[in-house]
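As structure tokens, the structure follows; a few thoughts come after it.
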Ligand SMILES: [Ca+2]
Ligand SMILES: [Ca+2]
Ligand SMILES: [Ca+2]
Ligand SMILES: [Mg+2]
Ligand SMILES: [Mg+2]
Ligand SMILES: [Mg+2]
Ligand SMILES: [Mg+2]
């Protein structure tokens, strides 16, 4: 029978899922002595008490996200999870009663509900407009139920399970295989929701579905979800294990990027903690060589100096490691990952913990002063299940962070941005990645959902700091093609602390055109701060137009070329994102170097690039064909090289000087470069010479065809011979 | 003879100017016991020691500001002033020698110098391109000289005075009467420079010129300076006293606005301190009812929540009370203004003090924990020598600050912005005042000087949140006309803590058109935060076009009207600033209310305005006709009412809700208003009715012709009677 699991063995064993009996004892013993834990407890109590005052509000589902019923139901599951924890820690039945009343209100409502009236989703829920949010509900409510399980009577449990939990779990799994039986962050939530309630109820059938997926689903290959992602792909492992296997690379990089990894991290880790507690024999934290804990480390490394995640793919800017999902991720990684003291410094900044064993452990660690700074170094994170589908590299040097994306497509949230990069200094964007075209949960802006400009602008190649060929996006902007390919690492080298370098190739984005881009952050005594070298080499089977934009943020200070601004503005093109750029100005190079400098916040930046005489230099601004003002009207500097077959773009981006609007002093406001020149460019080698204001000469050489670290190279440029080992040379 | 002043009485009396013998004793006794003073001393020592290492660098003058020679000479005078102080406090001859060597290098160079080679200024200096900077040099160098005066030999002093100080003082005064004999912040520096060195040398003739101006100057009325300001105005008192009398109102408001007041504050106060020390009989701090100390208070009140000065007139944004001039202003005001403990909290934020008696006093106050918060309340500052030339009001309520400008023109730095306002929340701009078109001291941008767009854009009426009639600026954009007029206060009332209100009239900007604008910040329980009411009543002799822009900052969320965006952008007009606005979109009101909402940082804002059916609603963006990218490309919402004689614009601006990109929660994202209506608009009264989402009705009535506080009004609107005393009613 459905309640066969409610046996004597299961009764009396709760809480066991996240809180444990022993953990609760331990917490109670420490109360009042662990500041961050105590503070979080007090905040949580205040929050829950205020909601208890309001009473039980379980409205008939009606709205999309941002609307009342959506937000109310969301609040409910968040609060009962907390109330359950408070009942355990404070032993005050007020909280147990609140959980019970809430769950019974849902048990009464749920059997009466049809699918949600809003029809936008490919997998409509009952409480919410999409099964994803119903799954969120169950992940939290399962924890609440676990906390009051033993306190409830057998009859009460039977009612809740029969009327609510079991049909709820079945609806989001068997009832929606297109949602549940898939490799996708949505499905992870579904799997975990079913798994969590299965562990509480000790229901093996549901647990098996959660871990391994449904045995049968009757889904057709080729079905798509709302974001255009494929629903069924043959041969994939499914369920929680499948969602661990597929999207995570061996380095812990999640193929949709950090914004979605952050979202997925909570179900992954909370379920891992539950499995660790209830099914320790699965050794879940050791699964796939410890990929869950590596994922936390990767995610923290995918944030800038002040903790904001780099907005790769469909990432909304401003999401950071201060989000609740990362509080639990950090706490869990600390407790189950060997108590790495660097995590304490992140937890201290977060200034709150999870109210369980993991949060207690980390709060005690902070109290005992064990923390060490979390030092972010350069890191190269492979993408792909086996780590062989490109990756994302973050080069770091002093206050600069360069994010280089040469990954696979990134599932349905991927952008057509092969070999693109963004540059950050002290947590501020210098050369931005636009991010997504969406205002998450802001109802006025398209219901808080993806806006059409996400497709027409944000995903397009021209929206990124990489090359667009012939005004067409990579892979013709087609998901079916893009998702089959990835860029490839050529080499990554962070061994020399003064030269952090990554080179990667892309040969599929434009059939017949091969691209090799090398980006390095170089520290050199003749420059005030580390500079970026950007070498973009293209080999093509015919003549093309190449557009290389730099989405600088800030105010233009000076250019060394003349440009014409227009009396009338027109869009730069008609499609593939070009229709969203106003062409503000255009010019020609004044010399064989083009110098473009700007100020962003209080720092100066200069881009120096080797120009061809026929290059067109375009100043553009985002915002054309934007009838609802969905886009940010930000600027771009675009280098356009027409009617060219093989070519190399060679540039240096310097960060220099400063301006204070309080002292009104401008320091080192000019570039340190007097000339930059490609002095050699063959199939085998490319070399760039930089002459500085101190009249010193720097040379950077890359071996284009041989990336082995122990190969000796000897070449002559002019009458000077260079001799080195490995894939690049700089001096 | 020229050195007659170097008598026995004068020798042995130094330092006496800013530092005094007794002050130095006192400082030495307290060393090591007053944290902020000790810290400032250590910082200063480190800074000066580093410069001493570099040696004496006195290059031949050549560059404009931002260039090497300019910045080097500027550094020199700043450092020798500090070195002089260090010599006195630390009694280490290394510092005296440095001052001496530097002064002798100048004494050698100065007699050889022609006027500065750069010809841009109406009053070229010798060390710098303008006398203004030469005066800066002397203000600081006089202090350095004072510190080493007694330590130098008589012969050394004679050389310095004969070759350097006396000719220097004469050049910037007699040699440049167009600079020196004038009421202007430049002249204040000139007067003070001459006055400071006169006090050190005990030279009565120079002191008299400094205090009262040159007796003869041979200047013609009608001469203009580089900014277009008049040089000679008949009948003005000149010299330091003249510069105290004329530009300061009795409330301490300085007619050019806070950015220039900040710049002038240093010479005003440092010279006042010197006069207080050397000529106590002048009772300078009591002059004009204590205007100097009132000026400090006014200036602090002209800053936003985080200390940034409101950018009235030619103010550069970001200048704040953290600037060095305000450190000395606050220290001096504390010591000579009755040790107001609220100033301690500002000094504590500044975290540094002046190294003299005043800085010691304030540092001791902080050490003793005497500080009280500097609470900024609403304030109405009159403008004009006698306080009868309009003014600037700052309305404050919770985190909101509304700056309402109804002042006189503001001298050569004034803008054509009668009855304009800006709105700030938590130190952020919500409805901005553009400020100036200049990048002060950034050489790449027009040498760091005023850009031509300052005239063509920043000063124009359409660049401000006020009404432009027939696309012409106030006073035809002519300084000669504008400078003759000022707006007039109608009433100001801050007595009701829930209603802070200011109403002012302008009848000269457009002859034949009378304007009365009333702005209020109202706290009402039916609104989440205080809202702004904006009533702009116009009476004209004929039909006109009225444009009322709101320079919102942030991203548009939603409008209740349809608008058309364009495939091609054109400027909004041809002149008077309109040529700098792109017309991005245009629409018509959908109903008798127009609702426009936006998000700025993490808060939502909504403007609700009563519309006429024929209004045009324009979305514009700054940046057209900007060939050098000198302007910030920021947006505007413009209400255009054509072909209208008398009319009233009635609007409410709400601040509401919040959005967090970490929690992704949008709270209270919509306006609380369902309808806003002008229910009465006669010569005598204007009444606005606001209906809220809670279905409550608010009414605001203003008496347009009688502003007396004790007048009883009884009027009937519809069938309801209103009965109140004073100039306005709100309930
Ligand atoms: Ca970023
Ligand atoms: Ca401000
Ligand atoms: Ca202004
Ligand atoms: Mg992107
Ligand atoms: Mg950041
Ligand atoms: Mg501010
Ligand atoms: Mg202005």
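Taking region B:626-646 as the region of interest, how many residues are crowded, with 18+ Cβ neighbours inside 10 Å and either outside the structural domain of residue B:471 (by TED's automatic domain parsing) or closer than 30 Å to residue B:513 by Cα (or both)?
Matching residues across region B:626-646 total 7.
Answer with yes or no whether residue B:318 is in a loop (DSSP other than H, G, I, E, B), without any contact (Cβ under 8 Å) to a residue 12 or more places away in the chain and within 16 Å of ligand 2 (Cβ to nearest atom).
Yes.
Of all residues in region B:515-569, count the ones that are within 14 Å of chain A (Cβ to nearest Cβ) and in a strand (DSSP E or B).
Qualifying residue count for the region: 13.
Filtering region B:284-309 down to residues that are buried (at least 24 other Cβ atoms within 10 Å of the Cβ) and within 16 Å of ligand 7 (Cβ to nearest atom), which residue is nearest to residue B:448 (Cα to Cα)?
Looking at the filtered set, the residue picked out is B:309.
If you check B:198, B:169, which single one turns out to be crowded, with 16+ Cβ neighbours inside 10 Å, within 17 Å of residue B:125 (Cα to Cα) and free of Cβ contacts under 8 Å to residues at least 60 places away in the same chain?
After applying the criteria, what remains is B:169.
Can you work out which of the residues in region A:291-306 that are more than 12 Å from the chain's Cα centre (by Cα) and within 15 Å of ligand 1 (Cβ to nearest atom) is farthest from the other protein chains (Cβ to nearest Cβ)?
A:305
Assess whether residue A:362 counts as being closer than 13 Å to residue A:296 by Cα and surrounded by 23 or more Cβ atoms within 10 Å (Cβ to Cβ).
no
Against the definition (surrounded by 20 or more Cβ atoms within 10 Å (Cβ to Cβ) and either in a helix (DSSP H, G or I) or away from ligand 2 (no atom under 16 Å from the Cβ) (or both)), how does residue B:235 come out, yes or no?
no
Are there any pairs with C-beta distances below 6 angstrom linking a residue in region A:612-633 that is on the phi > 0 side of the Ramachandran plot and within 13 Å of another protein chain (Cβ to nearest Cβ) to a residue that is buried (at least 21 other Cβ atoms within 10 Å of the Cβ) and part of a loop (DSSP other than H, G, I, E, B), with the two at least 6 apart or on different chains, and if so which?
Within 6 Å, the pairs are A:623/A:631.
Among the numbered conditions (1) closer than 17 Å to residue B:259 by Cβ; (2) within 14 Å of chain A (Cβ to nearest Cβ), tell me where residue B:417 comes up short.
(2)
Considering only residues that are closer than 16 Å to residue B:707 by Cβ and surrounded by fewer than 24 Cβ atoms within 10 Å (Cβ to Cβ), which ones fall in region B:497-514?
B:499, B:505, B:506, B:507, B:514, listed by residue number.
I'm trying to understand the selection: among the residues of region A:666-678, which are surrounded by fewer than 18 Cβ atoms within 10 Å (Cβ to Cβ) and either over 23 Å from residue B:74 (Cα atoms) or facing chain B (nearest Cβ under 8 Å) (or both)?
Scanning region A:666-678 gives A:674, A:675, A:677, A:678.
Matching residues to (1) touching a residue at least 60 places away in the same chain (Cβ under 8 Å); (2) assigned to a loop (DSSP other than H, G, I, E, B); (3) surrounded by 17 or more Cβ atoms within 10 Å (Cβ to Cβ):
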residue: B:61; (1), (2), (3): yes, yes, yes
residue: B:69; (1), (2), (3): no, no, yes
residue: B:74; (1), (2), (3): yes, no, yes
residue: B:82; (1), (2), (3): yes, no, yes
residue: B:87; (1), (2), (3): yes, no, yes
residue: B:96; (1), (2), (3): no, no, yes
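Yes or no: residue B:305 more than 19 Å from residue B:194 (Cβ to Cβ) and within 16 Å of ligand 2 (Cβ to nearest atom)?
When the stated conditions are applied, residue B:305 passes them.
In the list A:441, A:454, A:465, A:496, which residue meets the criterion of being away from ligand 1 (no atom under 16 Å from the Cβ), touching a residue at least 60 places away in the same chain (Cβ under 8 Å) and in a loop (DSSP other than H, G, I, E, B)?
Just one listed residue meets the conditions, A:441.
Inspect all residues belonging to region B:420-438 and state whether any of them is assigned to a loop (DSSP other than H, G, I, E, B), buried (at least 24 other Cβ atoms within 10 Å of the Cβ) and more than 13 Å from ligand 7 (Cβ to nearest atom).
Within region B:420-438, none of the residues are assigned to a loop (DSSP other than H, G, I, E, B), buried (at least 24 other Cβ atoms within 10 Å of the Cβ) and more than 13 Å from ligand 7 (Cβ to nearest atom).
Residues A:395, A:402: which one is at pLDDT 95 or above, crowded, with 24+ Cβ neighbours inside 10 Å, part of a strand (DSSP E or B) and within 16 Å of ligand 5 (Cβ to nearest atom)?
Of the residues listed, the single one that is at pLDDT 95 or above, crowded, with 24+ Cβ neighbours inside 10 Å, part of a strand (DSSP E or B) and within 16 Å of ligand 5 (Cβ to nearest atom) is A:402.
The values are calculated or read from the model by the stated rules, or taken from the named source; none is laboratory data. Since we're looking at a predicted model, the values are computed, not measured. Using ideal geometry, Cβ is built from the backbone for each residue, glycine included, and neighbour counts are taken over all protein chains shown.
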